[in-house]
Amino acid sequence: MPTPELADIAINLVPAGKGILAADESLGTIQKRFDRIDVASTEETRQAYREMLFTTPNLEQHISGVILFDETIRQATIDGTPFTEMLSQKGIISGIKVDKGAKSMAGFPGERITEGLDGLRERLAEYRELGARFAKWRAVITIGEGIPSMACINANAFALARYAALCQEAGLVPIVEPEVLMDGNHDIERCAEVSESTWVSLFSALYQHRVMLEGLLLKTNMVLPGEGCEKQASVDEIAEATVRSLRRTVPPDMPGIVFLSGGQSPIDATERLNAMNVMGDHPWGLSFSYGRALQQPALDAWKGEASNVSAAQKALYHRAKCNGAARDGKYSVEMEKRVP
Ligand code: 13P
C-alpha cells in the first residue's frame, strides 16, 4: 500500500508558482540537442551542461523537481557534490527517467511501444538509494493514416500501469507520460479524440493495477492541431480543448497534470499553460514539465563555453520564471521584455 509520503511528494512537485524541469534526455536525444549548437556529446560536456542548468541561481523559486537520466543521477558537480545532493540542498526533488525508449511495435507499422519493465524493480531500488523520489516513463502515440490502433494505446497503458505500480512499491512517485505526438496534418478535433482514448485507457489500466492516484502525476500533451495542419488554433482554443478533454477523462483525485512541450516554441508553451490556469480552478493542479521549452534558450546561449554559463543560466531562469507565473495564470507577454 503506498504511503502518505508518496502523496506528499506528488503535491510538492506541483505547488503554486513552480513546475518540473525535464533534463532526462537519453544519450541519443542529447546528442541531437548538442548537434544543433555544434558541441560534441561526451560525458564531460553532458556533465558541464547539466551542472550549468542545475546550479542556476534561484532556480528553486520556480522549479520543484528535475528529471534526470541514468548517467546524470550518478554525476556530480565539478567540486564533487552529487547532483541529487546539490538539488536537494536547494529544495528541488530529483526524479529519474526509467523507461528504455519507444520501440517499433511488432505487427503495427508506424506505431511504438515503450520498453523497460524487465528488471525495473531492482533499478527502482537503486535509483531511490541514489536520491530519486519520483520517476518518469514516456509512451508515444502517433496519429496517422489508420493509426493509432487501440492495441497500441492499450499496450502502452498496460506498461505504464505496471511501471506505476512498481514505482509506488519502491517509494517513488510515478509520472505516467503518454504523449500524443504533434507530428502530422491532423486537426485539433482528431488530437482531442486520440488524447481522450489514450487517457481513458491509461486510467482504466491504473485502476486495474491498484495504483493510488493521490501518489501519481500525469504528464501529457496539450490538445493541439498537428504541426502540418492548415487550420492552426488560437491560444484560447488550445487551452479550452485541452481542459475539456482532460475533464472528460482524468479523475479528480490526482494532485497534478504537468504538460510536456513536445516541440511547441518556448513562448507558445508558456502562453497556453497560462491560458488554462486563467480559466479558473481545475480538479488538479495544471503545471509544466518542459524539456525543450525550458532549455532551448539556455542551450543556445551556452554553446559549450564556460564563459557563457552565466548568460545561459539567466535564460533558463527567465523561462522558469515565466512558466512559474503561467502555472498560476499570472503570466503576460510583458514578462518577456524583462529578460535579465
Ligand atoms: P519536451 O518538453 O521537450 O517535450 O520534453 C519533455 C519530456 O520529458 C519528454 O519526455
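Read-outs: derived from the displayed coordinates by stated rules, not from any lab. Worth saying up front: this structure is predicted, and the values here are computed from it rather than measured. No Cβ is skipped: glycine too gets one built from the backbone with ideal geometry, and neighbour counts run over all protein chains shown.
Annotations for the structure displayed:
- Cα-centred dipole magnitude for the chain, charges only on beta-carbon of K, R (+1) and D, E (-1), debye, nearest 20: 340 debye
- Proximity of backbone amide H atoms, modeled 1.01 Å from N, is registered between Val140 and Thr114, Glu179 at under 5 Å, excluding neighbours fewer than 5 places apart on the same chain.
- Inter-part distance where segment 1-69 and segment 277-296 are each reduced to a Cα centre, Å: 16 Å
- Remark: segment 233-275 carries a charge dipole of roughly 180 debye about the Cα centre, counting +1 on each Lys and Arg Cβ and -1 on each Asp and Glu Cβ.
- Classification of the chain by its C-alpha gyration tensor yields a rounded form. The axis ratio a/c (a ≥ b ≥ c) stays under 1.5.
- Sorting Arg133, Arg248, Arg327 by the number of Cβ atoms found within 10 Å of their own Cβ, with the fewest placed first, yields Arg248, Arg133, Arg327.
- Modelled FRET efficiency - R0 51 Å, Glu44 with Asn154, Cβ distances, 0.05 increments: 0.75
- Positive minus negative residues near Val243 (Lys, Arg vs Asp, Glu; Cβ under 14 Å): -1
- The amide H of Gly291, built 1.01 Å from its N in the peptide plane, has Ala22, Ser261, Gly262 as neighbours under 5 Å, considering only residues 5 or more places off or on other chains.
- Note on Glu305 and Tyr207: their simple-model spin labels are 5.7 nm apart, each label 7 Å out from Cα toward Cβ.
- Exposure proxy ranking for Val243, Val176, based on other Cβ atoms within 10 angstrom of each Cβ and starting from the fewest, stands as Val243, Val176.
- Span from the segment 190-266 Cα centroid across to the segment 89-124 one, whole angstrom: 19 Å
- Furthest towards positive pole of dipole, Ala205, Phe259, Val176, structure part segment 167-284, Cβ charges: Ala205
- 3J(HN,Hα) along segment 14-30, derived from phi through the Karplus expression 6.51 cos²θ - 1.76 cosθ + 1.60 where θ = phi - 60°, amounts to 10, x, 4, x, 9, x, 10, 9, 8, 10, 10, 4, 5, 4, x, 6, 5 Hz, with x in place of Gly and Pro.
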